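Shown next, in structure tokens, is the structure this report addresses.
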Amino acid sequence: MEIEFTPNSLDVAVEAYLEAEELGKPLDQKLWLKRYPILAEFFSDLNALKFGNSRVTADPPGFRLVRVLGTGGMGRVWEAVDEKASRTVALKLLADPAAVRHDARRLKLEAKAVAQLEHPNIVPLYSVGEFAGRPYFTMRFFPGGTLAERLETIQSDPKQAASLMSCVARAVHFAHQRGVLHRDIKPSNILIEVKADGTLNPFVADFGLANATEGSRFRNRMGFAGTPQYMPPESVEGMPPTVATDVWGVGATLYAAMTGRPPFFAEHALELMKMICESDPVPPSIRNKLIAAELCRICLKCIKKDLALRYESANAIADDLDNWLTGRPVAA
């Protein structure tokens, strides 16, 4: 399936900027505007978010909105105080009233997907409601931030990266067993709990693209579902998502956790899509000399272009990571 992009489309420009920001390497906004003039409106909205003027003029009943934690194509996630329960929560609120009909369905499906996934490494759902015609739901708040914010430190400890992603893979497998595909696994969708002893515990978040394996498919503004830098070639080519889609996502996120960047990265979307479909990734052990050969093979097996060569399940990834961590032979 051939995919076409407008060279200076808002979609391509926004995706490029958000990915650079996720990697901790955003350029000065003036430079981005020079490269992508169409970003002017996006930056205007982004700055409004950062300074608290997010076009929400009141708080949902029973909640006090504190600050915006993140924004995406469907909604904004706020740090909020649940005044009834006297606790801090993350509140996901539909962002654009003009898109209520389409995005409200997505948000409700996300809430439904998360509600059935009670797992120690999946972000728990607290409540569901509606405010000013916009559906919202609340989840546990994680002051430890996301894996994306910790890539620089975690890549210095491949064992920690492997341990974290083993937990993530088990959680993803748990979702698969219940007919739910995540479809957008990436560092910014892995929230981090910092335990009392300083150890990190990951939680899979943002099931905004999740759906039953035989359910309807949602696509983003660029024409496909997911984040390009963490998307497998079959998704780029328009194939329906499968367990293999999330196997790739786990592997691509492991790659980023060990190297500080995704397996494929390019300034322009067309170049990126071509790389994903046609090029082999640079082995992570070349980017980070601390990565053992066996761990490198585990990572690369996850992101094989041939679906039949990948791990058959996310659980198989976790098994191999645990084998490597405990000194047992790995299957990769």
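The values are calculated or read from the model by the stated rules, or taken from the named source; none is laboratory data. Owing to the predicted nature of the structure, the values given are computational and were not obtained by experimental measurement. Neighbour counts run over all protein chains shown; Cβ positions are idealised from the backbone, glycine included.
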Take the conditions at pLDDT 95 or above and crowded, with 17+ Cβ neighbours inside 10 Å and apply them to Pro262. Does it pass?
yes
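Take Arg134 and decide whether it is under 23 Å from Cys299 (Cα atoms), modelled with pLDDT under 90 and out of contact with any His (no Cβ under 9 Å at 6 or more places or on another chain). Can you show your working first?
Details: under 23 Å from Cys299 (Cα atoms): no; modelled with pLDDT under 90: yes; out of contact with any His (no Cβ under 9 Å at 6 or more places or on another chain): yes.
Answer is no for this residue.
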Please enumerate the residues belonging to segment 313-330 that are free of Cβ contacts under 8 Å to residues at least 24 places away in the same chain and in a loop (DSSP other than H, G, I, E, B).
Thr326, Gly327, Arg328, Pro329
What number of residues in segment 122-139 are surrounded by fewer than 21 Cβ atoms within 10 Å (Cβ to Cβ), touching a Lys or Arg at 6+ places or on another chain (Cβ under 9 Å) and of a type outside the set (A, V, I, L, M)?
2
From the set of residues in segment 219-233 that are assigned to a loop (DSSP other than H, G, I, E, B) and within 24 Å of Ala169 (Cβ to Cβ), which is modelled with the highest pLDDT?
Pro232
Given the options Arg76, Arg67, Arg101, name the one that is at pLDDT below 70, of a type outside the set (S, T, N, Q) and under 24 Å from the mean Cα position of the chain (by Cα).
Arg101
